[in-house]
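The block underneath contains the structure these notes are about, expressed in structure tokens.
Read the figures in this text as sums done on the coordinates, not as results from a lab. The structure displayed is predicted, hence computed values, not measured ones.
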Amino acid sequence: MKEDNPELISYHCIIHQSVLCSTLSDEYAEVMNTMMRMINFLRASSSHQHRMLREFLSEVDANADDLLLHNNVRWLSKGKVLERFWSIRTEIAAFLAQLKSQKATPFSLFLEDEKKMDIVAFLVDITSHLNELNVKLQGKDNSVCDLMTAVRSFQRKLELFKEDLQGDCAHFPTVQEQVQGERDASSFVDFVDKLIVNFSNRFDSFSLGHQLTLFIQNPFLITDVRGFSKEVTQHFKWANAGPLQMQLIDLQADVALKEHFGGTDPATFWLQMISETAFPGLRKVALYILTMFGSTYSCEAAFSTMNIIKTKYRSRLTNEHLHMCMRMALTPFQPRFKILAGQARAQFSH
């Protein structure tokens, strides 16, 4: 693709980058794996044991009536599993003690290990923060600017988390609950440090820059006109700094366009409100940025839709029919049923 279009800007899917950033160290990976083995042991080893677990949780009025199974494919799976486990960890320990089996003994010892439980508490909180980021990165209508803004915001939060772990743990309520009195937060701080380095390594190689992001989200707030044109020419070799500077000044001076911008979203503003004849350079830059795919979310969602349509019970589904079904399922357009119904004409039999 680079050979066909040398100006193509390519980078790894932003969502997948953030997932890669959350890779665990050996010690934390061991704790996480033990957790997942224990949960899968309780839920999946036998239907009888799973039923006993649910009955036990119901009898003791636990905060949840079951555990969640972990799925490596799903982005938010680990965080949800950990949150559910933590809310009923005391009841799980009591249930394991009742089993009195060789397989249950290592898990009982694991739950009694305070150091391991401190790590679990930290993982509950940090995966919760990572899940919040992943939720922001998902969706059909997110532009690459929206995604990069979410990532930059999270990078700043990581710096705050690092200080918070050495203080009162305001952003780590589970750690605050678990670790009473004096605590050694050095391993937690090291983990956040590695996250900071990971995010920097993965996202600093691709960055639209503050001026370009601001240009899409609100061009009327740009004060450094030269800095803006410099960023544009660095990313787009075809861009000419002089005309871009003049067009930006003209745009910011247009009161009517400023009013329109306040009442619509950035994509609609650049596509429908900005004249190609009056602002050709600015519009071209905006179109280049807005048409960048920030993630493969739309593609993966389309594959999920196709799997739902192509069930084993639809053996006669042709490629043409599948294409039509996919278009209907994925289109953002909503039929105006009232108008269509009003235009319908009844056909009477003769």
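Here are the numbers for this structure:
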{"quantity": "HN-Hα J in Hz across segment 313-326 - Karplus 6.51, -1.76, 1.60, θ = phi - 60°, x for Gly and Pro", "calculated": "8, 10, 6, 9, 6, 8, 4, 5, 5, 4, 4, 5, 5, 5"}
{"quantity": "Cα gyration tensor, segment 297-343 - rounded (a/c under 1.5), prolate or oblate", "calculated": "oblate"}
{"quantity": "Per residue convex hull volume, Cα atoms of segment 133-197, in Å³", "calculated": "88"}
{"quantity": "Segment 249-316 and segment 190-235: distance between their alpha carbon centers, rounded to Å", "calculated": "20"}
{"quantity": "Links that overshoot a 31 Å alpha carbon limit, given the list Lys157/Lys284; Lys136/Lys338; Lys284/Lys310; Lys80/Lys162", "calculated": "Lys157/Lys284; Lys136/Lys338; Lys284/Lys310"}
